[in-house]
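Working notes, structure below.
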Amino acid sequence: MNEQTEYTVDTAVRICGVDFKNPIITASGTFGFGKEYAEFYDINALGGICTKGLTKERREGNASPRIAETPMGMLNSVGLQNPGVEGFILEDVPFLSSLDTVVIGNVAGRTEEDYCYAVEKVSALDCIRMIELNISCPNVKAGGMAFGVLPESVEKITKAVKKYCHKPLMVKLSPNVANIADNARAAENGGADCLSLINTVGGMAVDWRRRRPVLANVCGGLSGPAVKPIALKMVYEAHKAVKIPIVGMGGIMSAEDVMEFLVAGATAVEVGSANIFDPHTGINLVNELTNLMKRCKIKSVYEVTGSLVV
């Protein structure tokens, strides 16, 4: 046996009392509910999976086209297409209950009441270990401004939902804000147990020959490698601002990317668009991270977490 295989590493992490085999989690909206990807590899090897965003009622999403490829990334305006909470319980919970990995339920809504209803229902399920709150949704009672734009609205929705949440609450922050540190503190003040960031960055694509936007919804959310520098900066700033754990995401394609987020302050990462580019990304990252740690003689993920020197 060579030196690399003899060296033992520990990739496990604990977030809010929940144990993950490794810090690789699949991001909401890019992995469905896991069934399709389970045909490619054993998804139990992942640290966790985050479900597609769930709303109180079934949603068909936006009109097509709603995906557009961009240099170093992609735009999406899917519009939270999902089976609704009841449909999820009926159609997807049996499969998720059979898994041996952490399942995080992502929840969204149009009103505070919608959020509270969905969070209460989803967090009560045995197969769900944590809730991720998507606050990038437009608040229809506040003129359509997203819940996650202003610190006061971040704190308000977090505080409201926390009362109905039976599991640790992770608030997913939008990058489309004035100051990510202020919003991170607002979520923490509202009772968040953990943060995840960043959600997609607002953008658009234009077909100049047709004089038309590429997406039917005109604008969408940019993800992929193009947003990684933005995401790293915001994870670092949020890490300095709060005491609760952070799950970082944004353009992660390799084990080197994972390490960058850990050093910047993340305890774990979520991998999004890369799953669409290559359905084997999740398991590849698990293996690559283990091998990278062996090569660099890093015994535990915690040796690098938040270790950035500035």
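Residue under question is GLU113, and the condition is that it be assigned to a helix (DSSP H, G or I) and charged (D, E, K, R); does it hold? Explain how you work it out, then say what you get.
Numbers: assigned to a helix (DSSP H, G or I): yes; charged (D, E, K, R): yes.
Spelling it out, GLU113 is indeed assigned to a helix (DSSP H, G or I) and charged (D, E, K, R).
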Output for Cβ contacts, cut-off 6 Å, separation at least six or different chains, first residue touching a residue at least 40 places away in the same chain (Cβ under 8 Å) in the stretch 98-119, second among the acidic types (Asp, Glu) and assigned to a strand (DSSP E or B), reads ILE104/GLU132; ASN106/GLU132
Looking at the stretch 100-110, which of its residues are buried (at least 17 other Cβ atoms within 10 Å of the Cβ) and either in contact with a helix residue (DSSP H, G or I) (Cβ under 8 Å, 6 or more places away or on another chain) or part of a helix (DSSP H, G or I) (or both)?
THR101, VAL103, GLY105, VAL107, ALA108, GLY109, ARG110
For the stretch 20-61, enumerate the residues that are among the small types (Gly, Ala, Ser), in contact with a Gly (Cβ under 9 Å, 6 or more places away or on another chain), surrounded by fewer than 23 Cβ atoms within 10 Å (Cβ to Cβ) and farther than 22 Å from THR290 by Cα.
GLY61
Which strands (runs of 3 or more DSSP E) sit wholly inside the stretch 33-93 and have at least 2 residues that are closer than 22 Å to ALA124 by Cα and in contact with an Asp or Glu (Cβ under 9 Å, 6 or more places away or on another chain)?
48-50
Sort through ALA63, ALA27, ALA68, ALA12 and tell me the only one that's among the small types (Gly, Ala, Ser) and under 27 Å from SER153 (Cβ atoms).
ALA27
Among strands (runs of 3 or more DSSP E) completely within the stretch 200-280, the ones holding 2 or more residues that are surrounded by 22 or more Cβ atoms within 10 Å (Cβ to Cβ) and either small (Gly, Ala, Ser) or more than 18 Å from the chain's Cα centre (by Cα) (or both) are 219-223
Out of contact with any Cys (no Cβ under 9 Å at 6 or more places or on another chain) and either closer than 27 Å to GLY203 by Cα or exposed (fewer than 13 other Cβ atoms within 10 Å of the Cβ) (or both): is that true of LEU80 in this structure?
no
Count, please, the residues in the stretch 120-155 that happen to be buried (at least 18 other Cβ atoms within 10 Å of the Cβ), more than 30 Å from ASN44 (Cα to Cα) and either of a type in the set (Gly, Ala, Ser) or touching a residue at least 60 places away in the same chain (Cβ under 8 Å) (or both).
3
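Does at least one position in the stretch 18-25 carry a residue that is modelled with pLDDT of 95 or more, more than 29 Å from LYS243 (Cα to Cα) and assigned to a loop (DSSP other than H, G, I, E, B)? Explain how you work it out, then say what you get.
Pass one, the stretch 18-25, residues modelled with pLDDT of 95 or more: 18-25.
The next check asks that each one be more than 29 Å from LYS243 (Cα to Cα); those that pass are none.
Among the residues of the stretch 18-25, not one is modelled with pLDDT of 95 or more, more than 29 Å from LYS243 (Cα to Cα) and assigned to a loop (DSSP other than H, G, I, E, B), which makes the answer no.
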Could you list, ordered by first residue, the pairs with Cβ atoms under 6 Å in which the first is in the stretch 31-46 and on the phi > 0 side of the Ramachandran plot and the second is buried (at least 20 other Cβ atoms within 10 Å of the Cβ) and assigned to a helix (DSSP H, G or I), at least 6 apart or interchain?
GLY34/ILE43
When the stretch 66-77 is checked residue by residue, the ones that are surrounded by 15 or more Cβ atoms within 10 Å (Cβ to Cβ) and either of a type outside the set (D, E, K, R) or under 14 Å from TYR117 (Cβ atoms) (or both) are ALA68, THR70, GLY73, MET74, LEU75, ASN76, SER77
Does LYS156 qualify as being outside any loop (DSSP other than H, G, I, E, B), more than 24 Å from ASP257 (Cα to Cα) and modelled with pLDDT of 95 or more?
yes
Output the residue which, of all residues in the stretch 281-301 that are crowded, with 16+ Cβ neighbours inside 10 Å and touching a strand residue (DSSP E or B) at 6+ places or on another chain (Cβ under 8 Å), is nearest to ASP10 (Cα to Cα).
VAL301
Yes or no: the stretch 67-75 includes at least one residue that is farther than 22 Å from THR281 by Cα and modelled with pLDDT under 95.
no
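The values are calculated or read from the model by the stated rules, or taken from the named source; none is laboratory data. Keep in mind that this is a model prediction, so the values were computed, not measured. Using ideal geometry, Cβ is built from the backbone for each residue, glycine included, and neighbour counts are taken over all protein chains shown.
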